[in-house]
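Beneath this line is the structure, given in structure tokens, with notes to follow.
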Amino acid sequence: MSVTKKDIEDAAKRLEGVSKKTPLQKSARLSKKYHATIFLKREDLQEVRSFKIRGAFNKLSSLSNVEKSQGIVCASAGNHAQGVAWSCNALKIRGTIFMPTITPNQKIDKVKQFGDGFVDIKLVGTTFDDASIASREFEKKSGAIYVHPFNDLLTIAGQGTVGKEIVDQVGGTINYVFASIGGGGLISGVSTYLKNTDENTKIIGVEPEGAACMKESLKQNKIVTLKKINTFVDGAAVATPGDLTFEIVKKNVDDVLLVPEGKDCITMIELYQNEGIVAEPAGALTVSALDFMADQIKGKTIVCILSGGNNDILRYPEIMEKSLVYQGRKHYFLIEFAQKPGQLKRMLDEALGPNDDIVRFEYMKKTEKEKAPALVGFELRTKEDLEPLMKRMDAIELKYTKLSEKQMLYQYLV
């Protein structure tokens, strides 16, 4: 069982007047940076602000009247839920949507808005996989039709219409297409259409480093369930790929790259500051991956699918923090100070460099002790400023411990 080019063309007809034919925008900044012709496929400009409306509507509109009367159920980290909610409202189908408890409020509110009374939301567990298990139990008890976010032929065909639009819009040779991977629905559909149009087009999948279920499955040549995932890139935080998507990716995808979350945060900030694009973490993955193939893509025509823009503004302080840490510009220390006047002043005068800034300082004097630690956060202009800072602290005989990402206190801070 697989998806064909005709399945995708049929899906495109169903989606006429439903999903937007999103712009394919040439990025002058990225094209100059990588000495290539780089386009951004703006799926963040869909009404539900992601490509997920394509697969969801294609699936729901294909149900029989009897199936529609049974209602539907699905699990989602957020974007699929919005696509399903919009489709339930448009087709007047009752739906129940299971979402992880860590889903940003912005996405939950949008699901309610798009569903407009046709969907019920149930928050379960901390990952998509937790929500998926609960939704399957609901399916058995209720008899509702399950609408899978990625491991379904009709869903995959709907997502594949992104690939059809890319081919129509470029109108010429496409050397590389970068697509994000959560469970693999988008890249399965897109790669099917592109490889059946021009087999020389290279398809590059991109996963978050902390949730690389497809990469690990390809490595072991079998479906792998990750024991632990990082949920920061919530739109791609999946522990187990689909069996359908795994087989399609294995056949069509030329490589899968992994992006650290800090690198992804840098890209989100750059897209906002330069192009005014609000990308969610999963949406920025493809642009983040360009750095890892800078030599290969020179002189080529590249399309990066910007898969979604559902990002809660309240997350930006965390995004800024992670980007600075990844760049080596933000560091945390426990510094032991003698409990007598002038100790902090000496550090400021003799250890702090001209381009260094203290962005966090926590200290409590304890009268029964001669020395006490302070938590100090430094923000530097460049990562090269760290070693001189530590040398200056050594010169004034400050006792300190640099916190590492493996320590629980560090995880609390970042």
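Observations on the model:
- Leading residue by the ranking (farthest from ALA77 (Cα to Cα)) among those in region 269-286 that are assigned to a helix (DSSP H, G or I) and under 10 Å from the mean Cα position of the chain (by Cα): THR286
- Residue list for region 276-311, restricted to those being among the acidic types (Asp, Glu) and surrounded by fewer than 17 Cβ atoms within 10 Å (Cβ to Cβ): ASP291, ASP295
- Residue satisfying all of: in region 238-266; under 17 Å from ALA289 (Cβ atoms) and within 11 Å of the chain's Cα centre (by Cα); surrounded by the fewest Cβ atoms within 10 Å (Cβ to Cβ) among these: PRO260
- In this structure, LYS340 does not satisfy being in contact with an Asp or Glu (Cβ under 7 Å, 6 or more places away or on another chain) and more than 30 Å from GLY171 (Cβ to Cβ).
- Of all residues in region 6-30 being in contact (Cβ under 8 Å) with a residue 12 or more places away in the chain and over 27 Å from the mean Cα position of the chain (by Cα), the one that is farthest from SER188 (Cα to Cα): ARG14
- Among the residues of region 290-302, none qualifies, meaning not one is at pLDDT 95 or above, within 28 Å of ILE133 (Cα to Cα), in the same structural domain as LEU45 (by TED's automatic domain parsing) and outside any helix (DSSP H, G or I).
- Region 151-173 - residue that is β-branched (Val, Ile, Thr) and crowded, with 24+ Cβ neighbours inside 10 Å and, of those, farthest from LYS41 (Cα to Cα): THR155
- Residue within region 249-262 that is at positive phi, assigned by TED's automatic domain parsing to the domain that holds SER191, at pLDDT 95 or above and not basic (Lys, Arg) present: no
- Residue in region 58-74 that is buried (at least 19 other Cβ atoms within 10 Å of the Cβ), assigned to a helix (DSSP H, G or I) and either basic (Lys, Arg) or free of Cβ contacts under 8 Å to residues at least 40 places away in the same chain (or both) present: yes
- Restricting attention to region 88-111, the residues being touching a Lys or Arg at 6+ places or on another chain (Cβ under 8 Å), in contact (Cβ under 8 Å) with a residue 40 or more places away in the chain and crowded, with 24+ Cβ neighbours inside 10 Å number 1.
- ASN65, sole failed condition from (1) touching a strand residue (DSSP E or B) at 6+ places or on another chain (Cβ under 7 Å); (2) modelled with pLDDT of 95 or more: (1)
- Inspection of region 356-364 identifies at least one residue that is modelled with pLDDT under 90, within 22 Å of LEU398 (Cβ to Cβ) and outside the structural domain of ASP264 (by TED's automatic domain parsing).
- Candidates TYR400, TYR410 - the one that is among the hydroxyl-bearing types (Ser, Thr, Tyr) and more than 21 Å from SER323 (Cβ to Cβ): TYR400
- Test: residue in region 336-355 that is within 30 Å of VAL233 (Cα to Cα) and not polar (S, T, N, Q): no
- For region 218-235, residues that are in a helix (DSSP H, G or I) and at pLDDT 95 or above total 3.
- Filter result for ALA179 (touching a residue at least 24 places away in the same chain (Cβ under 8 Å), out of contact with any strand residue (DSSP E or B) (no Cβ under 9 Å at 6 or more places or on another chain) and among the hydrophobic types (A, V, I, L, M, F, W, C)): no
- If only residues of region 368-388 that are of a type in the set (Gly, Ala, Ser) and touching a Lys or Arg at 6+ places or on another chain (Cβ under 8 Å) are counted, the one that is nearest to GLN339 (Cα to Cα) is ALA372.
- Close contacts from region 138-167, counting a first residue that is without any contact (Cβ under 8 Å) to a residue 40 or more places away in the chain and within 19 Å of THR4 (Cα to Cα) and a second that is among the hydrophobic types (A, V, I, L, M, F, W, C) and outside any helix (DSSP H, G or I), with Cβ to Cβ under 9 Å and a gap of 6+ residues or different chains, come to VAL167/ILE174.
- Residue match in region 41-53 (condition: assigned to a loop (DSSP other than H, G, I, E, B), under 20 Å from LYS164 (Cα atoms), among the aromatic types (Phe, Trp, Tyr) and in contact (Cβ under 8 Å) with a residue 12 or more places away in the chain): yes
- Looking only at residues of region 326-384 that are among the basic types (Lys, Arg) and not in a loop (DSSP other than H, G, I, E, B), we find that the one that is surrounded by the most Cβ atoms within 10 Å (Cβ to Cβ) is LYS330.
The values are calculated or read from the model by the stated rules, or taken from the named source; none is laboratory data. Quick caveat: nothing in here was measured; it's all calculated off a predicted structure. As a convention, Cβ positions derive from the backbone with ideal geometry for all residues, glycine included, and neighbour counts pool all protein chains shown.
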